[in-house]
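The values are calculated or read from the model by the stated rules, or taken from the named source; none is laboratory data. Owing to the predicted nature of the structure, the values given are computational and were not obtained by experimental measurement. Cβ sites come from the backbone with ideal geometry, for glycine too, and all protein chains shown count toward neighbours.
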Amino acid sequence: MYLQFTPREFKAFTKFVFEIDIDYWEASCQRTLLKRKIPIQSMQQNLAMVFNQSEVNALKDLLKVRTKTNRLLKPHEIDYISFLN
């Protein structure tokens, strides 16, 4: 999914995501068979994004990133097993 924001829209979206009451949505949708129960509405009336708790937490982690203060990782800093073919 690709989302494009102005700086003002990004700030508002970030604030909205951090104010989501995850417990409320988990409880109110408890009886549904859906795995994802936490909706995030978009400005487009026919589009809503629906997440589960871990996805919302991952989204929050992404929104916390400050690109100006982050540096690029060096290859030896990445904890990943690479399989070469």
| field | Neighbours by Cβ (under 7 Å, 6+ apart or cross-chain): first from the range 2-18, in contact (Cβ under 8 Å) with a residue 12 or more places away in the chain; second of a type outside the set (F, W, Y) and assigned to a helix (DSSP H, G or I) | value | T14/L63; V17/L59; V17/K60; V17/L63; F18/K60
| message | Condition check: in contact with a helix residue (DSSP H, G or I) (Cβ under 8 Å, 6 or more places away or on another chain) and of a type in the set (S, T, N, Q). Does T32 satisfy that? | response | no
| request: Name the single residue, out of those in the range 56-85 being among the hydrophobic types (A, V, I, L, M, F, W, C), closer than 28 Å to A12 by Cα and modelled with pLDDT of 75 or more, that is farthest from the chain's Cα centre (by Cα). | output: L72
| request: Could you grab me the full set of residues in the range 1-17 that are in a helix (DSSP H, G or I) and either of a type outside the set (D, E) or touching a helix residue (DSSP H, G or I) at 6+ places or on another chain (Cβ under 6 Å) (or both)? | output: P7, R8, F10, K11, A12, F13, T14, K15, F16, V17
| task | Take the range 43-54 and flag every residue that is in a helix (DSSP H, G or I) and surrounded by 14 or more Cβ atoms within 10 Å (Cβ to Cβ). | result | Q53
| query | Looking only at residues in the range 23-36 that are of a type in the set (A, V, I, L, M) and in a loop (DSSP other than H, G, I, E, B), which one is surrounded by the most Cβ atoms within 10 Å (Cβ to Cβ)? | reply | L34
| query | Taking the range 1-55 as the search range and keeping residues that are over 14 Å from the mean Cα position of the chain (by Cα), over 18 Å from V65 (Cβ atoms) and of a type in the set (A, V, I, L, M, F, W, C), which one is modelled with the highest pLDDT? | reply | W25
| remark: Checking I40, I20, I81 in turn, the sole residue that is outside any helix (DSSP H, G or I) and either exposed (fewer than 10 other Cβ atoms within 10 Å of the Cβ) or of a type outside the set (A, V, I, L, M, F, W, C) (or both) turns out to be I81
| Qualifying positions in the range 22-39 - under 10 Å from Q53 (Cβ atoms) and aliphatic (A, V, I, L, M) | I22, I38
